[in-house]
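Asker: Please read through the structure below; I'll follow up with questions.
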Amino acid sequence: MTIGSNPNPISHYYADQKAPICPLVIREHFDTLTDREKRYAHHIARASWLGARVILEQTTPHSSALFDLLRTVFSASAEQPRQLADLAALRSAAELDEDAFESALEYTVQVLSNLANFKSFGDVKFVPRLSRDAFRRLVAASPRHAEALPLFDKLADEIYSVTPAAGTLLGYPDEGHITHYYSPNVTKDDIKVVQSFCESRQMDPLNTRLFKQDDGTLVLRIASSQHDAEPERHTYDGRTILLAYGDYHQQMAAVAAELRIAGENAANDHQRRMMEHYVRHFTTGSIDEHKDSQREWIRDVGPVVESNIGFVESYRDPAGVRAEWEGFVAVVNKEMTRKFEQLVNAAPAFIPKLPWGPDFEKDKFHKPDFTSLEVLTFATGGVPAGINIPNYDDIRQTFGFKNVSLGNVLNAKAPKEVLPFLSDADRELFEKLRGPAFEVQVGIHELLGHGTGKLLQEDKDGQTNFPRDNPPTNPLTGRPVEHWYGPGETWGSRFKAIAASYEECRAESVAMFLSTDTDMLAIFGHTDKTPEEGLAEDIMYVGWLQMCRAGLVGLEFYDPEARKWGQAHVQARYAITRVLLDAGEGLVTIGPHGDAGDDLRVTLDRSKIRSVGLPAIGRFLTQLQVYKATGDAEGGKALYDRVTAVPDEWLPYRKIVLAKKQPRKLLLQANTFLENDNVVLKEYSADLPGFIQSYLDRDI
């Protein structure tokens with residue numbers, strides 16, 4: 001094979017066909033809000049989408065222009081950019097058959113949904129199914145062709161290129177991958193130097209990007225509306241480092257302006273102060289201001305309208321320290337929230353059941369606010385089902401956090417979804433109970449997965465949060481711990497690229513471990529007397545089966561050429577599946593099925609979940625937590641590399657998974673508009689034109 005070639009045909013990268021469009025149903029909950037609450041929600045929603053341009057700029061150098069191209073092609077005119085073009089007339093003028101035009105629409109909605117031509121779930125590039133010539137005819141026939149055609153010609157190579165293979169994955173530039181967190185000439189060594197510089201200043205790089213000038217000067221761009229004429233100049237480790245404030249300054253100014261108005265409609269002082277801290281954060285770039293906003297957010301217990309905004313999750317930075325933009329606003333579902341409140345209240349009884357022992361658990365469990373939300377807006381490339389934030393270690397360890405479960409995301413099911421790799425009996429039970437089983441998984445994952453576990457730390461004054469003269473015994477070695485976090489070090493800065501996936505694996509494993517507990521299942525309404533809600537043992541079984549199946553279908557997101565996983569959660573689920581397979585004794589089997597050898601079957605022996613599976617997950621969890629708690633990145637990485645390695649004999653399985661993969665559902669969100677000081681909600685038809693219209697209506 002020639003170096004730089006691509007072993008995958010272009011069809012491997014085609015945008016999904018017939019991806020189900022699932023509306024996030026919200027009107028019933030939105031209509032319960034007061035006018036003041038609606039205005040508060042509206043301005044945060046606007047701020048969230050105004051900041052979404054940041055995601056485009058972070059992902060690739062071309063995403064922002066591609067996004068603009070597609071919205072231009074499908075809008076009616078420059079004077080009416082929010083009006084959808086006459087699609088029938090556009091297709092006719094472009095002389096496209098129905099399939100080609102459908103392919104253009106499908107590619108467009110997937111770029112809009114992912115806020116890039118890379119999948120937010122998998123970080124793999126996708127390309128249109130229609131030919132380059134056909135796409136150009138479409139652009140030339142559009143009402144705004146004078147604007148669109150030069151842009152298409154500039155971007156066409158980028159839109160269709162799938163070589164070299166490395167360029168179809170997000171990742172480090174010096175490995176040939178694509179990212180816009182870094183300029184193409186930035187190396188991993190450059191990133192390490194700047195990370196060390198940031199740690200020496202106790203500066204969090206969450207809201208930064210790193211670029212390198214031709215003379216080797218490293219420029220750390222910091223998101224803020226303020227920008228100085230001259231960057232701050234520093235010398236560190238023989239390198240010149242410039243701190244340049246004002247990255248995304250237009251977006252940050254617009255976001256701050258909307259949040260200032262939101263603060264005027266706040267329901268209480270916590271919300272008002274939270275908005276004030278947000279405004280100062282987006283104006284100055286100060287992470288301390290964002291931390292203060294999160295403290296106020298945690299104090300705002302039980303709000304009717306819930307929200308969060310900023311640079312939050314670091315999944316997409318290959319170094320694992322820079323965060324992607326996101327912003328959400330949602331309405332609390334009071335009925336579902338009562339169930340989660342029971343879980344929070346019972347948490348102190350479940351935490352001692354975790355396998356790592358008290359020395360590696362927080363000194364005090366700060367009971368969080370845990371709510372079930374109905375999403376109004378979630379400005380991101382991929383909407384999660386649950387959230388546990390903030391991610392700041394110092395706040396989580398000593399102050400607390402919040403959990404949210406996103407109800408209308410969990411319930412946004414694709415119609416007639418195909419579920420391969422299961423027996424008929426398992427498939428029937430799976431279809432019936434995967435919703436309730438996933439609710440259990442998400443609830444435990446967010447509260448007791450991300451919400452538990454201690455980090456052993458030393459501060460700048462040499463004080464530790466454990467007895468230094470009598471340190472805890474490491475259960476993996478039987479000796480006193482030898483590692484902990486030093487001043488300025490964080491979980492992310494120690495574990496770097498694997499941090500996000502490793503932590504998701506730890507949280508998922510906690511959920512697997514505690515989902516076997518009958519008292520836990522009863523909190524969610526599942527006992528041996530609740531067939532209408534799902535019998536407890538069936539819910540547990542479906543939850544474990546769901547994880548094993550997820551580990552197999554996740555092979556779609558593994559690149560065998562680069563030996564790289566493209567999605568943190570998928571890698572985590574594969575790791576758990578591998579642990580359960582390695583437990584042996586027939587607990588889990590995955591292998592070929594059918595006479596033709598073109599199918600696979602996942603089986604789980606439910607009688608061995610507690611006797612074989614539970615001890616295996618317990619041992620794995622102890623390893624994950626001890627390595628994390630002690631900051632032993634070397635040991636943790638060795639463990640994680642081992643359990644996420646894909647053996648050669650599984651590569652044929654990946655081909656079968658790819659042949660049977662199902663399109664990922666597209667979540668259709670409503671928009672809000674201000675009319676004469678009244679906020680109105682606009683919903684859209686669950687089809688391709690409706691999806692495009694929803695993005696024409698957004699300020700991005």
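Asker: Do you know which residues across the range 665-685 are closer than 20 Å to Gln110 by Cα and either at pLDDT 95 or above or surrounded by 19 or more Cβ atoms within 10 Å (Cβ to Cβ) (or both)?
Answerer: Residues satisfying the conditions are Leu666, Leu667, Leu668, Gln669, Ala670, Asn671, Glu683, Tyr684, Ser685.
Asker: State yes or no: is Ala148 at pLDDT below 95 and hydrophobic (A, V, I, L, M, F, W, C)?
Answerer: Criteria not met by Ala148.
Asker: Test Gly263 against the stated conditions and say whether it is free of Cβ contacts under 8 Å to residues at least 24 places away in the same chain and either small (Gly, Ala, Ser) or touching a Phe, Trp or Tyr at 6+ places or on another chain (Cβ under 8 Å) (or both).
Answerer: When the stated conditions are applied, Gly263 passes them.
Asker: Taking only the range 3-59 into account, find how many residues are touching a Leu at 6+ places or on another chain (Cβ under 8 Å), of a type outside the set (A, V, I, L, M, F, W, C) and under 30 Å from Arg563 (Cβ atoms).
Answerer: The total comes to 2.
Asker: So in the range 641-654, with the set limited to residues that are in a helix (DSSP H, G or I) and under 17 Å from Ala562 (Cβ atoms), which one is nearest to the chain's Cα centre (by Cα)?
Answerer: Thr644
Asker: From the list Lys637, Lys608, exactly one residue is free of Cβ contacts under 8 Å to residues at least 40 places away in the same chain and either crowded, with 19+ Cβ neighbours inside 10 Å or not in a loop (DSSP other than H, G, I, E, B) (or both). Which is it?
Answerer: Exactly one of Lys637, Lys608 is free of Cβ contacts under 8 Å to residues at least 40 places away in the same chain and either crowded, with 19+ Cβ neighbours inside 10 Å or not in a loop (DSSP other than H, G, I, E, B) (or both), namely Lys608.
Asker: Test each condition in (1) in contact with a Cys (Cβ under 9 Å, 6 or more places away or on another chain); (2) buried (at least 23 other Cβ atoms within 10 Å of the Cβ) for Met512 and report the one that comes out false.
Answerer: That leaves (1) as the condition not met.
Asker: Let me ask another. Just for the range 408-421: of the residues that are under 20 Å from Gln441 (Cα atoms) and at pLDDT 90 or above, which one is surrounded by the most Cβ atoms within 10 Å (Cβ to Cβ)?
Answerer: Step by step, filter the range 408-421, then rank; the result is Asn408.
Asker: In the set Gly597, Gly591, which member is outside any helix (DSSP H, G or I), free of Cβ contacts under 8 Å to residues at least 24 places away in the same chain, over 22 Å from Phe360 (Cα atoms) and touching a strand residue (DSSP E or B) at 6+ places or on another chain (Cβ under 8 Å)?
Answerer: Within the list Gly597, Gly591, the selection yields Gly591.
Asker: Identify all residues within the range 449-490 that are loosely packed, with under 12 Cβ neighbours inside 10 Å, basic (Lys, Arg) and without any contact (Cβ under 8 Å) to a residue 12 or more places away in the chain; write none if there are none.
Answerer: Hit for the range 449-490 is Arg479, nothing else.
Asker: Can I ask one more? Got a number for residues in the range 60-91 being outside any helix (DSSP H, G or I), crowded, with 17+ Cβ neighbours inside 10 Å and without any contact (Cβ under 8 Å) to a residue 60 or more places away in the chain?
Answerer: 1
Asker: Go through (1) closer than 27 Å to Ile498 by Cβ; (2) among the basic types (Lys, Arg); (3) modelled with pLDDT of 90 or more one by one and return the number of the condition Arg396 breaks.
Answerer: (3)
Asker: Further question: So, in the range 281-323, how many residues would count as being under 17 Å from Ile387 (Cα atoms), among the small types (Gly, Ala, Ser) and surrounded by fewer than 22 Cβ atoms within 10 Å (Cβ to Cβ)?
Answerer: 1
Asker: Name the residue, out of Ala267, Ala257, Ala244, Ala319, that is under 30 Å from Lys637 (Cβ atoms) and small (Gly, Ala, Ser).
Answerer: Within the list Ala267, Ala257, Ala244, Ala319, the selection yields Ala319.
Asker: Continuing with this model, one more query. Of the residues in the range 390-438, how many are under 24 Å from Gly591 (Cα atoms) and of a type in the set (Gly, Ala, Ser)?
Answerer: 2
Listed here are the residues, each with its yes/no results for (1) surrounded by 22 or more Cβ atoms within 10 Å (Cβ to Cβ); (2) more than 20 Å from Glu324 (Cβ to Cβ); (3) under 21 Å from the mean Cα position of the chain (by Cα); (4) touching a residue at least 60 places away in the same chain (Cβ under 8 Å).
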residue	(1), (2), (3), (4)
Val344	no, yes, no, yes
Lys353	no, yes, no, yes
Trp356	no, yes, no, yes
Glu361	no, yes, no, yes
Lys367	no, yes, no, no
Ser372	yes, yes, yes, no
Ala379	yes, no, yes, yes
Pro384	no, no, yes, no
Pro390	yes, no, yes, yes
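Asker: Take the conditions in contact with a Ser or Thr (Cβ under 9 Å, 6 or more places away or on another chain), β-branched (Val, Ile, Thr) and more than 30 Å from Pro81 (Cα to Cα) and apply them to Thr644. Does it pass?
Answerer: Yes.
Asker: Let me ask something else. Among the candidates Arg427, Arg434, which residue alone is under 30 Å from His593 (Cβ atoms), in contact with a Leu (Cβ under 7 Å, 6 or more places away or on another chain), of a type in the set (D, E, K, R) and not in a loop (DSSP other than H, G, I, E, B)?
Answerer: Residue meeting the stated conditions: Arg427.
The values are calculated or read from the model by the stated rules, or taken from the named source; none is laboratory data. Small disclaimer: the values here were computed from a predicted structure and weren't measured. Positions of Cβ are generated from backbone atoms using ideal geometry, with glycine treated the same way; all protein chains shown enter the neighbour counts.
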